[in-house]
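J.: Handing you this structure, nothing more for now.
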Amino acid sequence: MGLLIEHETCTLCGLCVEKCPYGALQQVGGRIRVTEQCTLCGACVEACPAAALSIEEGAAAAPESGAWRGVWVYGEHDDGRFHPVVFELIGKGAQLARALNCPLSVATAGVASGQMVSELTGLPVQSLYVAENKALGPYRDAPHARALATLVQRHRPEALLAGATARGRSLMPRVAVLCRTGLTADCTGLDIDAQTGNLLQTRPAFGGNIMATIETRRHRPQMATVRPRVMTPPSRRGTAVPALRRVPVPEPTSDHLVQVISRAVREEERVHLTEADVLIAGGRGLGGAAGFELLRELAETLGGEIGASRAAVDAGWIPYAHQVGQTGKTVQPDLYVAVGISGALQHRAGMQSSGTIVAVNTDPNAPIFQVADYGVVGDYRAVLPQLIRRLRQEER
Ligand SMILES: Cc1cc2nc3c(=O)[nH]c(=O)nc-3n(C[C@H](O)[C@H](O)[C@H](O)COP(=O)(O)OP(=O)(O)OC[C@H]3O[C@@H](n4cnc5c(N)ncnc54)[C@H](O)[C@@H]3O)c2cc1C
């Protein structure tokens, strides 16, 4: 896979050199040369009036042993503060790096800051790579994808992991396309094949009925996204910080399809389901939006957040940002209280790894009781007020 130049057809007009956003083409000694900065973005192919350039789409060879080394975690951040999933991926990434006997690094795009470095204090991260250009911030998919792809092409990590957050889901496919490699989305397990050293990327398939393990045998880097709260962050040891490696990247020129004019925090962004230690979730059994008031009281007493089943969201009782499950968020709080939720497979897929699960349901045969540590068979309108009263008494 690479950029092919037909030198006999090339007229040396220089348009490809001019249009390349990465400065990856040079005219040397009467010929166009491609440097390692090339991300195969195709801008030069489109620009060439003589059709002398093409991207070779032939079958890729198995990656050269040792040419790609290191495990990278994408450092999703807002103004220098990393998303919690970054720390969870560092936990898993460190295990993978140990198995491969290679370094673990965090890679991101934007402007490097002292805060980024200090947030990684005491974690097993060797380097923090920042594809740097002031014109990159605030976050936009296309320029950030190109910047990250440039980092990958230059430093060649063998695996790149990212959170399956809204941003990760949008950014990583773009990076994978620019790097001409594969991407496995929403993994729940990652491991290394002891024989081949390949990344084993496991994820649910067919509505969670089977677990599929996917390998990227012929391309690098091996890319995977993982939902927040699936992996566990490592504990911090000592005060060591990673080496900061600033990598200047060209100013994005042709990518300005999106311009950020202003920024406002939506209600959704205030819902931190995946970070909550306590979640009180309601379903169709609540009978209406008013039912969530009792849940809010309980959540306030316990210091928790409100979750919901899809049935409650579809009924318009609560916004989608609260939905837990296969098409909502995957959560792993210490305490999950399911109220009026039957426990369908798609709901359980998003909450069954919670620490302690408590279910309140009128139906003793509801499937939620199969995963619950404690179950109360009864009407929530009778059960919750008693529970709240009892907890408040204990607080005093
Ligand atoms: C592709 C796909 C993706 C999906 N993704 C999701 C997802 O992300 N999240 C999700 O939740 N679902 C999802 N679903 C829907 C899922 O299959 C169920 O339909 C849904 O979870 C049911 O929600 P529920 O448990 O609130 O409602 P129900 O299944 O109707 O259960 C209501 C429960 O409340 C109990 N109840 C009734 N009255 C009371 C009372 N007064 N007090 C206490 N308990 C009471 C009942 O006994 C019952 O068990 C998905 C489905 C598909 C096909």
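J.: Need one number: nm distance between label points at Glu300 and Arg169, each 7 Å from Cα along Cα→Cβ, rounded to one decimal.
T.: Placing both labels 7 Å beyond Cα along the Cβ direction yields 3.2 nm.
J.: Based on the alpha-carbon gyration tensor of the range 98-194 and its eigenvalue square roots a ≥ b ≥ c, which shape applies: rounded if a/c is under 1.5, prolate if not and a/b is larger than b/c, or oblate?
T.: Because a/c hits 1.5 or more and a/b fails to exceed b/c, the range 98-194 counts as oblate.
J.: A further question follows. Compute the angle between helix 141-155 and the longest alpha-carbon principal axis of the chain, please, reported from 0 to 90 degrees and rounded to the nearest 10.
T.: It is inclined by approximately 60 degrees.
J.: Could you tell me the center-to-center distance, by alpha carbons, between the range 157-194 and the range 79-151 in angstrom?
T.: About 14 Å separates the Cα centre of the range 157-194 from the one of the range 79-151.
J.: Can I ask one more? Largest first and to the nearest Å, give the Cα extent of the chain along each principal axis.
T.: Cα spread of the chain along its principal axes, largest to smallest: 85, 49, 44 Å.
J.: Oh, and also: Just order 332-338, 128-134 by mean Cβ neighbour count inside 10 Å, highest at the front, would you?
T.: Descending packing order for the listed peptides: 332-338, 128-134.
J.: Step through the residues of the range 259-264 one at a time and calculate ³J(HN,Hα) from phi using the Karplus curve (6.51 cos²θ - 1.76 cosθ + 1.60, θ = phi - 60°), rounding each to whole Hz and writing x for Gly and Pro.
T.: Running phi through 6.51 cos²θ - 1.76 cosθ + 1.60 with θ = phi - 60° gives 10, 8, 8, 7, 10, 10 Hz.
J.: Relative to the longest principal Cα axis of the chain, at what angle does helix 291-302 sit, 0 to 90 degrees, rounded to 10?
T.: That works out to roughly 80 degrees.
J.: Tell me, what is the percent relative contact order of the chain, built from C-alpha pairs under 8 Å that lie six or more residues apart?
T.: 13 percent
J.: Is the C-alpha gyration tensor of the range 268-395 telling us rounded, prolate or oblate? Criteria: a/c under 1.5 is rounded; beyond that, a/b larger than b/c is prolate, otherwise oblate.
T.: Rounded is the answer for the range 268-395, as its axis ratio a/c remains below 1.5.
J.: Among the lysines, select those whose C-alpha is under 25 Å from the C-alpha of Lys134, and discard any that sit fewer than 8 residues away in the same chain.
T.: Leaving aside lysines fewer than 8 places away in the same chain, those within reach of Lys134 are Lys19.
J.: Show which lysines lie in cross-link reach of Lys92 when reach means a straight Cα distance below 21 angstrom and same-chain residues fewer than eight apart are skipped.
T.: Once the sequence-local lysines are set aside, what remains near Lys92 is Lys329.
Just so you know, all these numbers are worked out from the coordinates, no wet-lab data involved. Everything numeric here is computed off the predicted structure, so don't read it as measured data. Methodologically, a virtual Cβ is constructed for each residue, glycine included, from the backbone with ideal geometry; neighbour enumeration extends over all protein chains shown.
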